[in-house]
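Working notes, beginning with the structure itself.
No lab work stands behind these numbers, since they all come straight from the coordinates. In this text the structure is predicted, and so the values were computed from the model without any measurement. All Cβ positions, glycine included, derive from the backbone under ideal geometry; neighbour counts span all protein chains shown.
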Amino acid sequence: MKRVGFLTSGGDCQGLNAAMRGVALALYGRFPNLEIYGIQKGYQGLIHGNYKKMTKADFDPILNEGGTILGTSRTPFKLIHVPEADGTDKVKAMKANYEKWKLDCLVILGGNGTHKTANLLSREGLNVVTLPKTIDNDIWGTDLTFGFQSAIEVATRSLDELKTTAASHDRIFLVELMGHKTGWLTLYSGIAGGADVILIPEIPYDVSVVAKALKRKREQGRNYFILAVAEGAMSKAEAAMTKRERKQWMRENGSLAPVYRIEPELKEKLEAEVRVTVPGHVQRGGAPCPYDRMLASRLGAAAAALIADGRFGYMVSVKGEEIVPVPLEEVAGKLKKVDPSSSVVEEARGLGICFGDQ
């Protein structure tokens, strides 16, 4: 009898169900007497012992279903050693339930915080295999994460659909896209959506530089502009502050998102109508695109192969065209950021896109 636990943690995204289906179908093909324990609501389910036994029929129809059929929650790694409200020791409880259910392996699907906890459980002696999930594409050790391509399509569609109203009213649209610490989603969708300006956390901006770039385009005949702004974009002044200074500055000036701080400045400098649009969680909702269904399925099958071979403590990752295992200890605690000098940024500049820095 083979017993495997499935767990999805952190923010949901497109492709989670497709990835679980990939692992399950590949495991059922290898182990006739397989039992899968669907652990509910992320690490909270593992802590408090909430699960449901699943069958192959549970996985067959979910390839194109968004969200996660197991539910999810956030259990911050920085609080992992802080007892629950009822005094429960989180790590001890997770280990105890793993042993109680007699699991042979724990399959964990999640992003950066999830992988920190997964690596901790692996070091504590649990057999763990993980899959890289996030619309931010910021997990170290993999070229791509599932959910990223689907989010690009949603974000790009948002930019596309604003162009007609922007052109009709001679307006400037500031579009806030997800990406608190990294700008992969804003960068890729900004290029795909023909944005005039892309502002991301890795390249601090100056509103005066942005205004000058838009004035030049206006002189060339443009009457509307689209700015793709990551939620974590920072001005050059903010970027020069220490973390403590930035927190103090935010307290004194209000914790407005970058789009709302930029709006009045652009309005004043350009004497134009400026509007803010926030697609928000639409970017992580709905069905996965075909590419993400394929990628999630491949990652799932590769995870099942690791389990069958008894190779634990790995994340399955994308390297070029191949799916390869990467040790969890190399992944946990690292963030994959956009390199400001990368070819994709330089190519975007060549297209006339302004990043607010020069």
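The table below lists the values:
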item	result
Three-way shape label, segment 225-298, alpha-carbon gyration tensor, a/c 1.5	oblate
Hydrodynamic radius of segment 162-289 per Kirkwood, over alpha carbon pairs, in Å	15.3 Å
Rounded to whole Hz, the Karplus (6.51, -1.76, 1.60) HN-Hα couplings of segment 194-201, x for glycine and proline	x, 5, 7, 9, 10, 10, 10, x
Spin-label pair Glu245/Ala85, simplified geometry with 7 Å Cα→Cβ offset, distance in nm	3.9 nm
At 1.306 mPa s and 10 °C, Stokes D of segment 1-89 from Kirkwood alpha-carbon radius, µm² per second	114 µm²/s
Length released on extending from Arg123 to Lys95, taking residue separation times 0.36 nm less the Cα-Cα span	8.9 nm
Relative packing of 197-209, 34-46, 56-68, which averages over residues the other C-beta atoms within 10 Å, highest first	34-46, 197-209, 56-68
3J(HN,Hα) from dihedral phi, segment 269-275, Karplus parametrisation 6.51/-1.76/1.60, rounded to Hz, x for glycine, proline	6, 9, 6, 9, 7, 10, 10
Rh by Kirkwood over Cα pairs, then Stokes-Einstein D for segment 201-358 at 0.692 mPa s and 37 °C, µm²/s	168 µm²/s
Phi to ³J(HN,Hα) by Karplus 6.51 cos²θ - 1.76 cosθ + 1.60 over segment 38-46, Hz, x for Gly, Pro	x, 7, 8, 6, x, 4, 4, x, 6
Set of lysines with alpha-carbon distance to Lys163 below 26 Å, sequence-local pairs under 8 removed	Lys212, Lys215, Lys217, Lys267, Lys269
222 nm mean residue ellipticity, helices alone, for the chain (DSSP H n ≥ 4; -39,500 (n - 2.57); rounded to 500)	-12500 deg cm²/dmol
Theoretical gain in end-to-end length, Asn33 to Asp60 [0.36 nm per residue, Cα-Cα removed]	8.0 nm
Pairwise centroid distance, computed over Cα atoms, of segment 93-145 with segment 221-266, Å	34 Å
Amide H partners (placed H, <5 Å) of Glu35, local residues excluded	Lys2, Arg3, Val4
Lys41 long-range amide H proximity, modeled H, under 5 Å	Gly71, Thr72
Segment 22-165: radius of gyration over Cα atoms, expressed as a fraction of 2.2 N^0.38 Å	1.20
Using a Förster distance of 25 Å, the FRET efficiency for Gln220-Leu256 (Cβ separation, nearest 0.05)	0.20
For Ile139, distant residues with modelled amide H under 5 Å away	Lys336
Members of Lys92/Lys334; Lys247/Lys336; Lys2/Lys52; Lys95/Lys337; Lys2/Lys100 lying beyond 22 Å, as alpha-carbon distances in this model show	Lys92/Lys334; Lys247/Lys336; Lys95/Lys337
Mean-position separation - Cα centroids, segment 193-215 and segment 297-328, in angstrom	39 Å
Highest average packing first - 27-33, 184-190, 76-82, Cβ atoms within 10 Å	184-190, 27-33, 76-82
Segment 55-69-segment 146-164 distance, computed between alpha-carbon centres (Å)	25 Å
Cα→Cβ-extended label distance, 7 Å offset, between Asp143 and Glu238, nm	3.3 nm
For peptides 95-105, 234-244, sequence by mean Cβ density within 10 Å, most packed first	95-105, 234-244
